[in-house]
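This report refers to the structure that appears directly beneath it.
The values are calculated or read from the model by the stated rules, or taken from the named source; none is laboratory data. Remember, it's a predicted structure, so these values are computed and weren't measured experimentally. Reconstructed Cβ throughout: ideal geometry from the backbone, glycine too, with neighbour counts over all protein chains shown. When the accessible area is computed, the model is the full protein with side chains, heavy atoms only, and any ligands, DNA or RNA have been set aside. Shrake-Rupley method; radii C 1.70, N 1.55, O 1.52, S 1.80 Å.
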Amino acid sequence: MRGGLFELRLKAAEGIARVFYCTVIGKKIMILHQFIKKTQKTPPKELALARRRMKEVRNADT
């Protein structure tokens, strides 16, 4: 991803899971959102939700 947003890709029996996360000052890793991916591309609403949560986390940390 970009802008400080990262993605983990996990394979499971249910399908391919995606986990969005970011880092915060103090070496914290914040898990922002996870979902089971059902299409080739990442759905824009899932990405938008993760970015919105990242902004909330970073604003709360300052």
Exercise for the section: Being farther than 16 Å from Glu46 by Cα, open to solvent by 100 Å² or more (accessible area, probe 1.4 Å), out of contact with any Cys (no Cβ under 8 Å at 6 or more places or on another chain) and of a type in the set (A, V, I, L, M) is the filter here, so list the residues in segment 1-35 that pass it. Expected result: Ala13, Ile25
Practice task
Starting from segment 16-39, keep only residues that are modelled with pLDDT of 90 or more, then list their pairs with residues that are β-branched (Val, Ile, Thr) and surrounded by 12 or more Cβ atoms within 10 Å (Cβ to Cβ) whose Cβ atoms are within a distance under 6 Å, requiring at least 6 positions of separation or different chains.
Solution key: Tyr21/Ile31; Gln34/Val19
Fill in the blank from the handout: Within segment 4-15, of all residues that are over 12 Å from Met54 (Cβ atoms) and assigned to a loop (DSSP other than H, G, I, E, B), the one modelled with the highest pLDDT is Ala13
Exercise for the section: Give the number of residues within segment 36-49 that are open to solvent by less than 80 Å² (accessible area, probe 1.4 Å) and in a helix (DSSP H, G or I). Expected result: 4
Practice task
State yes or no: is Arg58 under 12 Å from the mean Cα position of the chain (by Cα) and not hydroxyl-bearing (Ser, Thr, Tyr)?
Solution key: no
